[in-house]
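Input: a single structure, listed below in structure tokens.
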Amino acid sequence: MRDFTSAYFTMNEEDAIEYAKIVLDVFDADAELTCKEIGDGNLNYVFRLVDEKTKKSIIVKQAGPVARISDEFKLSPDRNRIESEILELQYKLAPGFVPKVYKYDPVMNCCTMEDLSDHQIMRTALMQHKKFPLFAEHITTFMVNTLLLTSDIVLEHKEKKELVKNFTNPELCEITEDLVYTEPFFDCPRNDVTEGTRSFVEEHIWNDEQLKLETAKLKFEFMTNAQSLLHGDLHTGSVFIKEDSTKVIDPEFAFFGPAGYDIGNVLANLTFAYVSAKYTIENEKLDYMNYLEDSIRDIVDLYKEKFLMLWDEKATEKVASYKGFKEFYLDGILKDTAAVTGLELCRRIIGIAHVKDITSISHEEYRVNAEKICLTAGKRFILNRETIKDGSDYVKVIRESVEMF
Ligand code: SR1
Ligand code: MG
């Protein structure tokens with residue numbers, strides 16, 4: 001019998017079954033457990049355990065000591081504590097939008113939570129050209145609640161500083177600082193650029209001094225602006241979805257940073273789906289692209305609307321009521337949102353961590369064109385972030401970038 005109480009080790013499927021039987025108080029004593037490792041992210045092991053008799057199921061997610069994508073990334077399994085604690089907090093701040101956590105285990109660095117197998121990973125669903133008309137409504141409620149309610153506008157400042165300490169996440173932040181803000185903008189050996197796209201990247205990204213300067217400013221904004229408790233990796237692979245339900249998962253990159261980081265990630269990843277649709281759909285392509293444009297537009301505009309309403313309802317900070325401050329604060333978030341949309345669009349094309357929406361375009365010339373569209377839009381979002389404020393501004397940048405190729 002394995003010992004799950006003294007020392008950490010990485011589990012396989014058999015271990016996870018034994019773990020459930022010995023440590024978890026979830027299944028009946030006579031349960032017939034099966035287990036499958038279903039993780040397809042870059043970092044962790046995700047075990048789905050099912051009692052074949054009752055069909056009751058749970059997820060056990062374990063943090064390994066190195067990233068799955070490359071063992072160059074050595075990561076403290078403490079990220080599992082951060083993930084468990086933020087999920088519990090988000091469960092209160094944005095009810096219905098995250099899975100329920102049943103247990104966090106600091107020895108095995110794993111977290112047992114609700115199984116969402118009736119949902120689908122959103123990136124996969126978008127690649128199958130499915131539509132989710134409620135997503136913009138859901139994700140903006142999730143973001144405005146989790147971001148504004150963890151800021152100094154609402155939280156008592158000493159309480160917020162305690163939370164900042166608790167969610168200090170140096171190793172995962174370092175990954176973002178390197179992979180999002182630094183490596184894509186020079187010829188870094190760890191980058192992974194498609195051959196046909198390389199000369200475009202050299203000319204339009206690596207040789208653009210103004211762009212590089214802007215990314216430097218943005219990197220320091222990311223590292224120093226402890227504005228809100230972020231999810232920290234809010235791409236469409238971190239969303240489980242079905243027609244009437246949206247659940248945000250995988251918040252292990254959580255820390256206090258600029259609120260626009262989460263919003264920009266959502267928008268960029270819908271843009272990947274849009275560009276992918278252009279090259280992969282034969283019938284009803286425009287209909288699907290229009291649906292994605294509407295989602296992008298609605299997310300920006302609904303976020304703004306809900307932010308202003310929630311501010312009026314929940315602000316506790318004295319100066320929050322000064323005339324013009326709310327609009328000034330929102331303006332800062334919108335600038336960061338546009339910039340991060342651009343950074344994410346660039347880094348997923350140039351850097352080590354790609355997105356399936358684009359890598360699955362098998363026709364070489366189409367993939368290169370798709371990548372150039374993402375880079376063109378990405379660069380514009382970064383450079384023109386001061387003027388990109390409404391949903392329609394996003395759609396304009398994306399449409400104009402598509403028209404160039
Ligand atoms: C080493 S981790 C690479 C990427 O995967 C995660 O989901 C984050 O997006 C990270 O940048
Ligand atoms: Mg993840």
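Key figures for this structure:
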| item | result |
| --- | --- |
| Strands (runs of 3 or more DSSP E) lying entirely in the range 193-262 (those with 1 or more residues that are free of Cβ contacts under 8 Å to residues at least 24 places away in the same chain and on the phi < 0 side of the Ramachandran plot) | none |
| Entirely in the range 285-399, the helices (runs of 4 or more DSSP H) that have 3 or more residues that are assigned by TED's automatic domain parsing to the domain that holds Ile263 and buried (at least 20 other Cβ atoms within 10 Å of the Cβ) | 285-314, 325-350, 364-383 |
| Tally of residues being under 30 Å from Ala7 (Cβ atoms), more than 16 Å from ligand 2 (Cβ to nearest atom) and open to solvent by less than 10 Å² (accessible area, probe 1.4 Å) across the range 106-127 | 2 |
| Every residue from the range 57-74 that is more than 16 Å from ligand 2 (Cβ to nearest atom) and charged (D, E, K, R) | Asp71, Glu72, Lys74 |
| Enumeration of residues in the range 247-288 that are β-branched (Val, Ile, Thr), away from ligand 2 (no atom under 16 Å from the Cβ) and under 20 Å from the mean Cα position of the chain (by Cα) | Ile263, Thr271, Val275 |
| Tabulated pairs, the range 167-178, first closer than 13 Å to Gly257 by Cβ and open to solvent by 40 Å² or more (accessible area, probe 1.4 Å), second modelled with pLDDT of 95 or more and not in a helix (DSSP H, G or I), C-beta under 7 angstrom, 6+ apart or interchain | Thr168/Phe255 |
| Qualifying residue in the range 236-256 (condition: polar (S, T, N, Q), under 20 Å from Ile153 (Cα atoms) and open to solvent by less than 10 Å² (accessible area, probe 1.4 Å)) | no |
| Among residues of the range 64-94, those that are among the basic types (Lys, Arg) and open to solvent by 60 Å² or more (accessible area, probe 1.4 Å), counted | 3 |
| Filter result (open to solvent by 20 Å² or more (accessible area, probe 1.4 Å) and among the aliphatic types (A, V, I, L, M)) within the range 194-229 | Leu213, Ala216, Met223, Ala226 |
| Among the candidates Phe47, Phe27, Phe9, residue that is over 26 Å from Pro170 (Cβ atoms), more than 23 Å from the chain's Cα centre (by Cα) and among the aromatic types (Phe, Trp, Tyr) | Phe27 |
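Residue-by-condition table, conditions (1) assigned to a loop (DSSP other than H, G, I, E, B); (2) touching a residue at least 60 places away in the same chain (Cβ under 8 Å):
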{"residue": "Leu24", "(1), (2)": "yes, yes"}
{"residue": "Gly41", "(1), (2)": "yes, yes"}
{"residue": "Phe47", "(1), (2)": "no, no"}
{"residue": "Asn80", "(1), (2)": "no, yes"}
{"residue": "Cys111", "(1), (2)": "no, no"}
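For every residue, the table says whether it meets (1) under 20 Å from Asn44 (Cβ atoms); (2) more than 16 Å from ligand 1 (Cβ to nearest atom); (3) assigned to a helix (DSSP H, G or I); (4) in contact (Cβ under 8 Å) with a residue 12 or more places away in the chain.
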{"site": "Ser70", "(1), (2), (3), (4)": "yes, no, no, yes"}
{"site": "Asp118", "(1), (2), (3), (4)": "no, yes, no, yes"}
{"site": "Ala125", "(1), (2), (3), (4)": "no, yes, yes, yes"}
{"site": "Ala136", "(1), (2), (3), (4)": "no, yes, yes, yes"}
{"site": "Thr140", "(1), (2), (3), (4)": "no, yes, yes, yes"}
{"site": "Met143", "(1), (2), (3), (4)": "no, yes, yes, yes"}
{"site": "Asp152", "(1), (2), (3), (4)": "no, yes, no, yes"}
{"site": "Leu155", "(1), (2), (3), (4)": "no, yes, no, yes"}
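The values are calculated or read from the model by the stated rules, or taken from the named source; none is laboratory data. In this text, all values refer to a predicted model and were calculated from it rather than measured experimentally. As a convention, Cβ positions derive from the backbone with ideal geometry for all residues, glycine included, and neighbour counts pool all protein chains shown. When the accessible area is computed, the model is the full protein with side chains, heavy atoms only, and any ligands, DNA or RNA have been set aside. Shrake-Rupley method; radii C 1.70, N 1.55, O 1.52, S 1.80 Å.
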